[in-house]
Amino acid sequence: QAVQFDPNYTAAYAGLVWTRLMAWVYGWSHDPKLLDEALELGKKAVSLDASSPKAHVILGDVYLWKKRHKEAIAELEKAVSLNPNDADALSSLGGALVFSGLPEKALGYIEKAIRLNPNYPEYYIFNLGQAFFQLKMYEEAVTALQKSIIQNPNFMPAHYLLAACYGHLGKQEFARAKAE
């Protein structure tokens, strides 16, 4: 008899990965073991259910934070292949491509994620702003980053990147004010 895995079990592993990853990302803990634990749990989630896009997304996100970009992209591409309409997978893949220096390839994924999830979290639009910034499309980056800040005024990376955009646009007083 074939063994069937309870999808809630895989989801539980994904939840464990996510809590460790967010503790690291938001600086709630600086324990370097957190990312290692998240990686092992993410691998376990994928091994339990390789057909779960969520498991691949979470593992891809961990690889990205561990700066293992090729592995991150591979996991996120797998997630998108399993569900081409998974907005989180599309946005995460776009973000990984941006961090890998491929902003032109990232745009389509991020824009599709935004279309599929009109109530997207701020990091979707932040990823879009980063892509525009890398492409030297500073006005577009400003628009995206301002939307990200409206959604989450405490998301500091959006403020930093917005200050850089203003600097590139020659709007020094805006850049200084935003940097402060």
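Restricting to the stretch 7-62, name every residue that is among the polar types (S, T, N, Q) and outside any helix (DSSP H, G or I).
Residues satisfying the conditions are SER29, SER51, SER52.
Which members of the stretch 152-180 meet the condition of being of a type in the set (Lys, Arg) and either in contact with a Phe, Trp or Tyr (Cβ under 6 Å, 6 or more places away or on another chain) or part of a helix (DSSP H, G or I) (or both)?
ARG176, LYS178
When LYS54 is evaluated against the numbered criteria (1) at pLDDT below 90; (2) in contact with a helix residue (DSSP H, G or I) (Cβ under 7 Å, 6 or more places away or on another chain); (3) open to solvent by 40 Å² or more (accessible area, probe 1.4 Å), which criterion, by number, is the only one it fails?
Tallying (1) at pLDDT below 90; (2) in contact with a helix residue (DSSP H, G or I) (Cβ under 7 Å, 6 or more places away or on another chain); (3) open to solvent by 40 Å² or more (accessible area, probe 1.4 Å), LYS54 fails exactly one: (1).
Each row is one residue, and each column tells you yes or no for (1) more than 20 Å from LEU76 (Cβ to Cβ); (2) open to solvent by 40 Å² or more (accessible area, probe 1.4 Å); (3) not acidic (Asp, Glu).
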| site | (1), (2), (3) |
| --- | --- |
| SER92 | no, no, yes |
| GLU122 | no, no, no |
| GLU140 | yes, yes, no |
| GLN146 | yes, yes, yes |
| ILE149 | yes, no, yes |
| PRO157 | no, yes, yes |
| TYR166 | yes, no, yes |
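The values are calculated or read from the model by the stated rules, or taken from the named source; none is laboratory data. Just so you know, these numbers come straight off a predicted model, no measurement behind them. Don't worry about glycine lacking a Cβ; one is built from the backbone with ideal geometry, like all the others, and counts go over all protein chains shown. Surface accessibility is based on the protein's heavy atoms, side chains included, excluding ligands, DNA and RNA. Shrake-Rupley method; radii C 1.70, N 1.55, O 1.52, S 1.80 Å.
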